[in-house]
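Right, one structure below, let's go through it.
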């Protein structure tokens, strides 16, 4: 699916990710069983896991992407740390791993110690929320190779996090999912850190070069609202697993939206899903759809549309799982259930509610 408005091709992105993974997978044989840290193969998972003589760890790497431009436009830098931690820690959580530490790389055109201080303050706050340590980092001055909005310091920011699988636990990879299981959805705060190439194009077309200053309502500009930090779901998942809730699969709803990410979890057993009670999109998402004339199908492939993570659990355990998540201050509800067949059916709630169907290759 090519999005001509933003230059984003979701299917090409998936293809390139698969190419990269296929080459990486060829190196798994370098650490075969008995070598001390063989890969636990998790095709389609959100993080592969290695076994170090009984200690199982996973590693996740990601970045914030072009959401960074919102910080450059608004001068608000102390929230991006939540986006950075969410992108890596929640991928680890999606495989049942508890993130323990994070290392980050900050590429800049030139240094501004005040901005760096604000960025690291936000990363510290996000690490405290997630109960992880910041164990390393690198700041690289790359001059004109890094560009952005305005005349202040421009930057790209990425991170690698390590998670551990507690003793006597198996990875959460979707292999335990079965027809009839309940699917719990967790509410997002906003766009999180995905789909901003299209967002920036829509905003520029609608409001011009200084689009971030346009009013959304009496309290917020578009720039401030779009910078809404990602809610980190890792603590909620940790609470579930530490309370021995049965979790059969977890989908972190990032690039590719609900469809691509749910398919990654369901495909191990060739299962599908019927999602008839997802959270509705936030008002800013509906407005963005309207301004950009973004179809329902495209919106649900590019954005989370109000749903940031989905958790599969036996229907008999769903109410207890919801209580645990709510006690951890997450807004959640049953969105639907697991079905037979490699098809996800979603009853959308965007600008033009309709029934969307997505088939994947099992």
Considering each residue of the stretch 192-202, count those that are more than 11 Å from residue 66 (Cβ to Cβ), buried (at least 22 other Cβ atoms within 10 Å of the Cβ) and out of contact with any strand residue (DSSP E or B) (no Cβ under 8 Å at 6 or more places or on another chain), and give that number.
0
What number goes with the only condition from (1) at pLDDT 95 or above; (2) in the same structural domain as residue 317 (by TED's automatic domain parsing) that residue 218 does not pass?
(1)
Take the residues of the stretch 152-166 that are touching a residue at least 60 places away in the same chain (Cβ under 8 Å), in contact with a strand residue (DSSP E or B) (Cβ under 9 Å, 6 or more places away or on another chain) and in a loop (DSSP other than H, G, I, E, B): which is surrounded by the fewest Cβ atoms within 10 Å (Cβ to Cβ)?
166
Can you find even one residue in the stretch 330-343 that is assigned to a helix (DSSP H, G or I), crowded, with 20+ Cβ neighbours inside 10 Å and at positive phi?
no
Residues of the stretch 175-199 being closer than 18 Å to residue 334 by Cβ, in contact with a helix residue (DSSP H, G or I) (Cβ under 8 Å, 6 or more places away or on another chain) and assigned to a loop (DSSP other than H, G, I, E, B), which ones?
177, 178, 180, 181
If a residue must be surrounded by fewer than 20 Cβ atoms within 10 Å (Cβ to Cβ) and either at positive phi or outside any loop (DSSP other than H, G, I, E, B) (or both), how many such residues does the stretch 242-255 contain?
2
Selection within the stretch 295-308 - closer than 14 Å to residue 194 by Cβ and part of a loop (DSSP other than H, G, I, E, B)
303, 304, 305, 306
Scan the stretch 125-146 and tell me whether some residue there is crowded, with 20+ Cβ neighbours inside 10 Å, within 14 Å of residue 47 (Cβ to Cβ) and touching a residue at least 12 places away in the same chain (Cβ under 8 Å).
no
Residue that is surrounded by the fewest Cβ atoms within 10 Å (Cβ to Cβ), among those in the stretch 344-353 that are assigned to a loop (DSSP other than H, G, I, E, B) and in contact with a strand residue (DSSP E or B) (Cβ under 8 Å, 6 or more places away or on another chain)
353
Residues (in a loop (DSSP other than H, G, I, E, B) and touching a strand residue (DSSP E or B) at 6+ places or on another chain (Cβ under 8 Å)) located in the stretch 256-294
276, 277, 278, 279
Any residue in the stretch 204-215 that is in contact with a strand residue (DSSP E or B) (Cβ under 7 Å, 6 or more places away or on another chain) and buried (at least 21 other Cβ atoms within 10 Å of the Cβ)?
yes
Selection within the stretch 52-63 - touching a strand residue (DSSP E or B) at 6+ places or on another chain (Cβ under 6 Å) and either farther than 19 Å from residue 250 by Cβ or surrounded by 23 or more Cβ atoms within 10 Å (Cβ to Cβ) (or both)
58, 60, 63
Candidates 108, 85, 116, filtered to the one that is more than 27 Å from residue 241 (Cα to Cα), modelled with pLDDT of 95 or more and surrounded by 18 or more Cβ atoms within 10 Å (Cβ to Cβ)
108
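The values are calculated or read from the model by the stated rules, or taken from the named source; none is laboratory data. In this text, all values refer to a predicted model and were calculated from it rather than measured experimentally. In this analysis, Cβ positions are derived from the backbone assuming ideal geometry, glycine residues included, and neighbour counts consider all displayed protein chains.
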